[in-house]
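The values are calculated or read from the model by the stated rules, or taken from the named source; none is laboratory data. Quantities reported herein were computed from a predicted structural model and do not represent experimental measurements. Backbone-built Cβ (ideal geometry, glycine too); neighbour counts: all protein chains shown.
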Amino acid sequence: MSRCMLALFLGLALALWGPAPSAFAQKYGGIWQVALPGNPPSLSIHDEGTWYTSGPMQPVYNNLVYYDPLKPRESVQTIIPELTESWAWSADGKSIAFGLRAGVKFHDGKPFTSKDVKSTFDIARGVSTQRTKLNPRKAWWANISAIETEGDLAVTFRLKRPQPALVAMLASGYAPVMPAHRTPAEWRVGALGTGPFRFKEYQRDRFVELQRNPDYWVAGRPYLDGARYNVINSQASRIAAMIAQQVDVDIPSDTIKPVRDSIAAGSSTVVFVESPSTGHPPVHFNAKKAPFNDPQFRKVVSLAIDRRAFIKAILQGGAVVGGINVPAPTGAWGLDEAQLASVPGYGDLEQGRAEGRRIMTSLGYSADKPLSTVITTRIFRNYADVAAWMASQLREVWINAEVKLIETGVYYGVVARREFNMVIHPTGIGLDDPDVNYYENYSCGSQRNYSDYCNPAIQAKMDEQSQVTDFDKRLALVHEIDKELLADTARIVPAWFKYYNARQPYVRNYIPHQTNFNWGRLQEVWLDK
């Protein structure tokens, strides 16, 4: 299967947006300063599901393939080689062979070889004797049956069934190649890669610091002397730091519309680039615990929510209504508003709430006898505002929800252990592709399926769509799956964010991507000052 055929199958050839790459003469030097809203849970990208790790660590590593940092919308057409020089599919679509780049070295001087690729993805798919502490994207790689090496510069991935999206997943910022001579435990506390920057220092509650790799395999790169990710927990303080030019950028997922407006009110020079995103603030249910193990209660919650009012009141217009996948036309796979109109929770609001109250009556509840529950979320303004607003909506269907705010250092453990009834946990999918979204967030047993939702019939359809090579046929099946997940209220997706990507005017070649997990190599970024 050729690369061109794969592009056709995935159907991701979408229009670009935003500024063209800088035409100015590049300058060397300077330290890239970023406002980071919290500490990385660890330094291992393969362990974590947050930009707090993947952002600061992407410049340290390379992938086999990667999304062109100067192209804002990820598609198969924008995939470029990094540690590979070529790749080719077998005729049956069940294996893909990579020819690796010669002469690449890790930051400690050891050569990069096929052994490192095999080690990385055997660990990531959970078949190695070595294990990561966490493995949030193990489900991404479940279709790989074997990884075979031939000498130092050739590696082949064998698949159980065809999976055209595999190359797109390997290009994600979540898929760096790690050194085989470092253990997963060492990945968590120190970073050693082949990338344009070397790890220098991490001081908890202060910063993550990187320095230029003078021996980088791409001639003349990077331009920057280093990068420093400053931990600034307070959103007000991050806004003040942008206004005062103490940082060069705010991370994309932080600059939602209300934050954008606050920065703009204090600065006439900060530049904003509006872009669609793969981020959303879903409501997760504990599907193994009463009452939300009963899909009727989950449906009632969905029927109560005024999605358009949410976008207007909480996000000040900085989002769009959508379902399971990124909505069309922004995304390649999601349902558009017309298709969503027939889905419970997306149609007439008052009719939906009336239906919700009828369901509650049938379950023994009333205005005088409401259901009491708890909405858990993190002590973070963006999260807390969403939780409080959701609680106000649920009163319309006789649900009294207490909002429980958890300190950041404890929060991720609470979510991982499923110590909640409902949780507001803003999520970004690693790529606008159904395989990435379904297997990570909705498949049975996935660590990132925080609701522990499991529907074997839908799971079988997920596997079916994954191997369909005709785009239109795959799209039709994806839409069918999305409607079933929405009807079963696997989770609630109130909206899909727009990001406003704040940067200082002297920042060049910083091109925000639709998926904020896939742009952080910093190989091309420079400072015009």
Query raised in the report: Restricting attention to segment 46-78, which residues are of a type in the set (A, V, I, L, M, F, W, C), surrounded by 23 or more Cβ atoms within 10 Å (Cβ to Cβ) and modelled with pLDDT of 95 or more?
Result: 57, 60, 64
Query raised in the report: Quick check: is even one residue across segment 149-168 surrounded by 15 or more Cβ atoms within 10 Å (Cβ to Cβ) and in contact with a Pro (Cβ under 8 Å, 6 or more places away or on another chain)?
Result: yes
**Report entry** Count of segment 466-502 residues which are surrounded by fewer than 21 Cβ atoms within 10 Å (Cβ to Cβ) and touching an Asp or Glu at 6+ places or on another chain (Cβ under 8 Å)
**Finding:** 1
Report summary line: Within segment 22-43, the residues that are in a loop (DSSP other than H, G, I, E, B) and buried (at least 24 other Cβ atoms within 10 Å of the Cβ) are 40
Report task. Kindly list, by first and then second residue, each pair from a residue in segment 334-363 that is without any contact (Cβ under 8 Å) to a residue 12 or more places away in the chain to a residue that is polar (S, T, N, Q) and not in a helix (DSSP H, G or I), limited to pairs with Cβ atoms under 6 Å and residues at least 6 apart or on different chains. Result -> none
Query raised in the report: Name the residues in segment 395-409 that are without any contact (Cβ under 8 Å) to a residue 40 or more places away in the chain and closer than 9 Å to residue 378 by Cβ, would you?
Result: 405, 406, 407
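Give segment 136-156 a look and list any residue that's among the charged types (D, E, K, R) and within 13 Å of residue 123 (Cβ to Cβ), or say none.
Step one: filter segment 136-156 for residues among the charged types (D, E, K, R), giving 137-138, 148, 150, 152.
Listed by number, the residues that qualify are 137, 138.
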Report summary line: residue 198 passes all but one of the listed conditions (1) basic (Lys, Arg); (2) in contact with a His (Cβ under 6 Å, 6 or more places away or on another chain); (3) under 30 Å from residue 460 (Cβ atoms); the exception is number (3)
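Matching residues to (1) more than 23 Å from residue 448 (Cα to Cα); (2) at pLDDT 95 or above; (3) outside the structural domain of residue 194 (by TED's automatic domain parsing); (4) touching a Cys at 6+ places or on another chain (Cβ under 8 Å):
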site: 82; (1), (2), (3), (4): yes, yes, no, no
site: 85; (1), (2), (3), (4): yes, yes, no, no
site: 96; (1), (2), (3), (4): yes, yes, no, no
site: 101; (1), (2), (3), (4): yes, yes, no, no
site: 108; (1), (2), (3), (4): yes, yes, no, no
site: 113; (1), (2), (3), (4): yes, yes, no, no
site: 117; (1), (2), (3), (4): yes, yes, no, no
site: 127; (1), (2), (3), (4): no, yes, no, no
site: 134; (1), (2), (3), (4): no, no, no, no
**Report entry** Pairs where the first residue, in segment 469-480, is without any contact (Cβ under 8 Å) to a residue 60 or more places away in the chain and the second is of a type in the set (A, V, I, L, M, F, W, C) and surrounded by 13 or more Cβ atoms within 10 Å (Cβ to Cβ), C-beta under 8 Å, 6+ apart
**Finding:** 477/468
Report task. Would you kindly identify the strands (runs of 3 or more DSSP E) lying entirely within segment 75-162 that contain at least 3 residues that are closer than 27 Å to residue 513 by Cα? Result -> 79-81, 84-89, 95-100
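Surrounded by fewer than 24 Cβ atoms within 10 Å (Cβ to Cβ), out of contact with any Gly (no Cβ under 9 Å at 6 or more places or on another chain) and touching a residue at least 40 places away in the same chain (Cβ under 8 Å): does that describe residue 183? Explain how you work it out, then say what you get.
Values: surrounded by fewer than 24 Cβ atoms within 10 Å (Cβ to Cβ): yes; out of contact with any Gly (no Cβ under 9 Å at 6 or more places or on another chain): yes; touching a residue at least 40 places away in the same chain (Cβ under 8 Å): yes.
When the stated conditions are applied, residue 183 passes them.
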Query raised in the report: Within segment 85-126, can you find the residues that are among the acidic types (Asp, Glu) and within 28 Å of the chain's Cα centre (by Cα)?
Result: 85, 116, 122
Requested in this report: Given the conditions (1) out of contact with any Lys or Arg (no Cβ under 9 Å at 6 or more places or on another chain); (2) closer than 24 Å to residue 467 by Cβ; (3) not hydrophobic (A, V, I, L, M, F, W, C), report the number of the one that residue 93 does not fulfil.
Outcome: (1)
Query raised in the report: List pairs: first in segment 289-315 and closer than 12 Å to residue 373 by Cβ, second of a type in the set (Lys, Arg) and not in a helix (DSSP H, G or I), Cβ under 9 Å, 6+ apart or cross-chain?
Result: 289/418; 298/491
Query - Residues satisfying the stated conditions in segment 413-432, i.e. at pLDDT 95 or above, surrounded by 23 or more Cβ atoms within 10 Å (Cβ to Cβ) and part of a loop (DSSP other than H, G, I, E, B) - result: 420
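Could you check segment 176-271 for strands (runs of 3 or more DSSP E) lying wholly inside it with 2 or more residues that are at pLDDT 95 or above, basic (Lys, Arg) and within 27 Å of residue 81 (Cα to Cα)? If you could, list the steps in order and put the result at the bottom.
On the way: elements: 197-203, 207-212, 226-231.
Hits in segment 176-271: 197-203.
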Report summary line: Apart from one, (1) within 21 Å of the chain's Cα centre (by Cα); (2) hydrophobic (A, V, I, L, M, F, W, C); (3) over 30 Å from residue 349 (Cβ atoms) all hold for residue 525; the odd one out is (1)
**Report entry** Subset of segment 487-523 that is of a type in the set (A, V, I, L, M, F, W, C) and not in a loop (DSSP other than H, G, I, E, B) - its residue that is farthest from residue 222 (Cα to Cα)
**Finding:** 487
Requested in this report: Could you check residue 345 against (1) touching an Asp or Glu at 6+ places or on another chain (Cβ under 7 Å); (2) modelled with pLDDT under 95; (3) more than 24 Å from residue 435 (Cα to Cα) and say which number it fails?
Outcome: (1)
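Select from segment 308-317 the residues that are surrounded by 21 or more Cβ atoms within 10 Å (Cβ to Cβ) and out of contact with any Phe, Trp or Tyr (no Cβ under 6 Å at 6 or more places or on another chain) and list them in ascending order. Steps first, answer last, please.
Here is the first cut: in segment 308-317, the residues surrounded by 21 or more Cβ atoms within 10 Å (Cβ to Cβ) are 311, 314-315.
Scanning segment 308-317 gives 311, 315.
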